[in-house]
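Notes follow once the structure below has been shown.
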Amino acid sequence: METEITEIAPDVYRVSTFLDAANLTMNQFLVDGDEPLLFHTGYRALFPSVSEAIARLIPLDRLRWITFGHVEADECGSMNSWLEVAPAAEVAHGAMGCFVQVADLADRPPHPLQDGDVLATGRRRVRHIDTPHVPHGWDAGLMFEETTSTLLCGDLFTAFGRYPARTTSEIVGPALQAEDLGRATCLTPELGPTIRALADLHPSTLAPMHAPAYEGDCAATLEELAAAYEERFAAEADVRRGRGPKSD
């Protein structure tokens with residue numbers, strides 16, 4: 001098992017481990033600066049490999065912020081391991097998630113984030129965006145690095161298989177194939193509008209947790225994903241009303 005590092009934007013590093021058993025990539029993202037920020041911690045079992053990789057970028061005790069999209073083992077399983085090696089670090093998560101889960105799970109009190117709050121790492125500004133139930137979990141949120149226009153988009157665009165670190169190839173098709181397999185996304189009336197609001201940010205790079213970093217037309221790609229999920233929501237609603245065929 002090897003953890004690889006790719007700089008996907010200035011001071012923004014993709015730290016990636018491919019798990020053969022799951023046929024899935026696990027990505028963490030480090031935003032470097034005076035107060036470095038880690039988005040996703042990874043599983044506890046991955047901590048030795050991931051921390052060794054990040055130690056090639058910064059001394060681990062310099063880490064200031066530990067963040068993630070929602071409470072799930074692959075997103076925050078090694079949270080307390082990071083707190084142990086980084087004495088000055090704080091876990092920063094959405095206020096709802098801190099109240100419901102993180103305040104109890106974390107070894108040190110977390111820093112609750114409201115929608116729109118910014119964590120400054122130095123030259124970089126990372127904005128928290130509340131996205132409840134998108135893609136899943138009522139505590140869900142994403143991060144947008146404003147100065148490089150990099151959207152750290154968590155489980156959106158999840159794709160099974162091995163891919164290069166960066167791509168300009170379309171990523172919606174593989175994401176929908178993964179959705180067909182896992183059905184991990186909450187189909188709600190807010191799903192499409194929430195993703196469309198992310199498109200309004202006009203990111204230049206999309207940085208998914210389980211897929212390559214995407215450098216094409218990011219706004220159009222988010223709009224395409226939103227439209228696909230809206231179509232699925234409408235079809236599911238028709239099934240519930242007895243107006244359409246039941247999906248497989």
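Contact list please: Cβ distance under 8 Å, first residue in the range 29-49 and modelled with pLDDT of 95 or more and of a type outside the set (A, V, I, L, M, F, W, C), second residue open to solvent by 30 Å² or more (accessible area, probe 1.4 Å) and assigned to a strand (DSSP E or B), pairs at least six apart or on different chains.
ASP32/TYR13; GLY33/ALA120; GLU35/ALA120
Hey, among the residues in the range 129-146 that are without any contact (Cβ under 8 Å) to a residue 60 or more places away in the chain and in a strand (DSSP E or B), which one's farthest from VAL100 (Cα to Cα)?
The selected residue is PHE144.
Would you please name the residue that is farthest from the chain's Cα centre (by Cα), looking only at residues in the range 155-211 that are closer than 25 Å to VAL126 by Cβ and among the aromatic types (Phe, Trp, Tyr)?
The residue in question is TYR163.
Could you list, in sequence order, the residues of the range 52-87 that are crowded, with 21+ Cβ neighbours inside 10 Å and part of a helix (DSSP H, G or I)?
Once the filter is applied, which keeps residues that are crowded, with 21+ Cβ neighbours inside 10 Å and part of a helix (DSSP H, G or I), the range 52-87 yields ILE54, ASP74, GLU75, CYS76, MET79, TRP82.
Out of the residues in the range 125-151 that are within 13 Å of LEU113 (Cα to Cα) and among the hydrophobic types (A, V, I, L, M, F, W, C), state the one that is surrounded by the most Cβ atoms within 10 Å (Cβ to Cβ). Explain how you work it out, then say what you get.
Residues of the range 125-151 that are within 13 Å of LEU113 (Cα to Cα), as a first pass: 126-131, 139-143.
Next, from what is left, pick out any that are among the hydrophobic types (A, V, I, L, M, F, W, C): 126, 129, 140, 142-143.
Working: VAL126: 25, ILE129: 23, ALA140: 25, LEU142: 25, MET143: 27.
Looking at the filtered set, the residue picked out is MET143.
If we keep just the residues of the range 35-51 that are in a helix (DSSP H, G or I) and aliphatic (A, V, I, L, M), which is surrounded by the most Cβ atoms within 10 Å (Cβ to Cβ)?
Filtering the range 35-51 down to residues in a helix (DSSP H, G or I) leaves 44-51.
The next check asks that each one be aliphatic (A, V, I, L, M); those that pass are 45-46, 50.
Values: ALA45: 13, LEU46: 22, VAL50: 26.
By that ranking, first place goes to VAL50.
Hey, any hits in the range 170-185 for a residue that's touching a Lys or Arg at 6+ places or on another chain (Cβ under 9 Å), open to solvent by 10 Å² or more (accessible area, probe 1.4 Å) and acidic (Asp, Glu)? Explain how you work it out, then say what you get.
Here is the first cut: in the range 170-185, the ones touching a Lys or Arg at 6+ places or on another chain (Cβ under 9 Å) are 176, 179, 185.
Narrowing the set further to residues that are open to solvent by 10 Å² or more (accessible area, probe 1.4 Å) leaves 176, 179, 185.
Remaining after also requiring acidic (Asp, Glu): 179.
The answer is yes; a qualifying residue exists.
Considering only the range 1-16, how many residues are touching a helix residue (DSSP H, G or I) at 6+ places or on another chain (Cβ under 6 Å) and buried (at least 19 other Cβ atoms within 10 Å of the Cβ)?
Of the residues in the range 1-16, 2 are touching a helix residue (DSSP H, G or I) at 6+ places or on another chain (Cβ under 6 Å) and buried (at least 19 other Cβ atoms within 10 Å of the Cβ).
Looking only at residues in the range 96-105 that are within 19 Å of LEU152 (Cβ to Cβ) and either open to solvent by 30 Å² or more (accessible area, probe 1.4 Å) or touching a His at 6+ places or on another chain (Cβ under 6 Å) (or both), which one is modelled with the lowest pLDDT?
It comes out as MET96.
In the range 149-181, what count of residues is obtained for those that are farther than 11 Å from LEU206 by Cα and β-branched (Val, Ile, Thr)?
Selection size over the range 149-181: 2.
The values are calculated or read from the model by the stated rules, or taken from the named source; none is laboratory data. Owing to the predicted nature of the structure, the values given are computational and were not obtained by experimental measurement. Glycine also receives a Cβ, built like all others from the backbone with ideal geometry; neighbour counts cover every protein chain displayed. Each accessible area value is taken on the protein alone, full model and side chains, heavy atoms only, with ligands, DNA and RNA left out. Shrake-Rupley method; radii C 1.70, N 1.55, O 1.52, S 1.80 Å.
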